[in-house]
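Q: Below are the structure tokens for one structure; questions will follow.
Bear in mind these aren't lab numbers, they're just calculated from the coordinates by the rules spelled out. Worth saying up front: this structure is predicted, and the values here are computed from it rather than measured. For neighbour counting, all protein chains shown are included, and Cβ atoms are generated from backbone atoms with ideal geometry for every residue, glycine included.
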Amino acid sequence: MTSEQTFVVVGGNLTAGAAVTTLRDQGFDQRIVVIGEEPHPPYERPPLSKQYLRGESTADSALLHPPSWYADADVELRLGLRAVRLDPVGRAVELRDGERIVYDKLLIATGGQNRRLAVPGTDLQGIHQLRTMEEADAIRAELRPGRTAVVGGGLPPPDRA
Ligand SMILES: Cc1cc2nc3c(=O)[nH]c(=O)nc-3n(C[C@H](O)[C@H](O)[C@H](O)COP(=O)(O)OP(=O)(O)OC[C@H]3O[C@@H](n4cnc5c(N)ncnc54)[C@H](O)[C@@H]3O)c2cc1C
């Protein structure tokens, strides 16, 4: 008799969501655990700078799947948890609270982070960055007719890529 395998995905957003969807679609019937630092199930970020920011769509509509999909697909979503250490010898991921999750297969899907403007003052009130739903909410809360916004972004120059 073979024992159950555990497939762990670290990083709980679009790549993680797409990967576990594919695993189930392709017939993988073993245990799947997704460890994500954000409190939301996998969601699409593009609306955050578009219709969601304009208040024309809801947070739920940005989700890759409704939360019930993960329960129905028997995918364990461990949200609001940060993986802090990988033990490749013991085949385990350690979480910030000390919990160890042993894996047979591991996918690291931790994505990217915003590059903060390296000038004084970026921590002042009214200065935002945009990557998460909460950051979109914070910007949306300040959008009012008559106010002026300065927007910077895009790809870094080649010497800083
Ligand atoms: C505002 C905005 C608009 C965008 N618009 C477009 C668009 O129009 N078209 C387009 O093609 N792309 C767009 N993108 C890019 C697109 O959203 C990304 O390519 C996509 O989110 C990548 O998904 P990902 O899952 O690989 O990484 P991410 O979305 O970065 O997700 C990685 C996740 O891993 C989590 N994580 C990281 N480290 C750990 C850890 N140690 N433990 C646990 N969890 C961890 C993070 O908190 C995050 O939730 C946009 C991005 C942003 C921010």
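Q: Please identify the pairs in which a residue from segment 43-66 that is touching a residue at least 40 places away in the same chain (Cβ under 8 Å) and closer than 19 Å to VAL20 by Cα has its Cβ atom under 8 Å from the Cβ atom of a residue that is in a loop (DSSP other than H, G, I, E, B) and more than 8 Å from the ligand (Cβ to nearest atom), counting only partners at least 6 apart or on another chain.
A: Once the first residue is touching a residue at least 40 places away in the same chain (Cβ under 8 Å) and closer than 19 Å to VAL20 by Cα and sits in segment 43-66, its partners that are in a loop (DSSP other than H, G, I, E, B) and more than 8 Å from the ligand (Cβ to nearest atom) give TYR43/LEU64; ALA62/TYR52; LEU64/PRO41; HIS65/PRO41.
Q: Okay, next question. Would you kindly identify the strands (runs of 3 or more DSSP E) lying entirely within segment 70-126 that contain at least 2 residues that are touching a helix residue (DSSP H, G or I) at 6+ places or on another chain (Cβ under 9 Å)?
A: 75-79
Q: Moving on to the next point. What residue, of SER61, SER57, is more than 10 Å from the ligand (Cβ to nearest atom), under 26 Å from ILE139 (Cβ atoms), in a loop (DSSP other than H, G, I, E, B) and in contact with a helix residue (DSSP H, G or I) (Cβ under 9 Å, 6 or more places away or on another chain)? I'd like the intermediate steps shown before the answer.
A: Working: SER61 fails: in a loop (DSSP other than H, G, I, E, B).
Sole residue among the options that is more than 10 Å from the ligand (Cβ to nearest atom), under 26 Å from ILE139 (Cβ atoms), in a loop (DSSP other than H, G, I, E, B) and in contact with a helix residue (DSSP H, G or I) (Cβ under 9 Å, 6 or more places away or on another chain): SER57.
Q: Return a yes/no flag: does segment 60-74 have any residue that is surrounded by fewer than 16 Cβ atoms within 10 Å (Cβ to Cβ) and within 27 Å of HIS128 (Cα to Cα). Steps first, answer last, please.
A: Keep residues of segment 60-74 that are surrounded by fewer than 16 Cβ atoms within 10 Å (Cβ to Cβ), which gives 60-61, 66-68, 71-74.
Right, trim to within 27 Å of HIS128 (Cα to Cα) and you get 60-61.
Yes, because at least one residue in segment 60-74 is surrounded by fewer than 16 Cβ atoms within 10 Å (Cβ to Cβ) and within 27 Å of HIS128 (Cα to Cα).
Q: Right, another one. Of all residues in segment 106-133, which are surrounded by fewer than 11 Cβ atoms within 10 Å (Cβ to Cβ) and within 13 Å of the ligand (Cβ to nearest atom)?
A: Result: GLY112, GLN113, ARG115.
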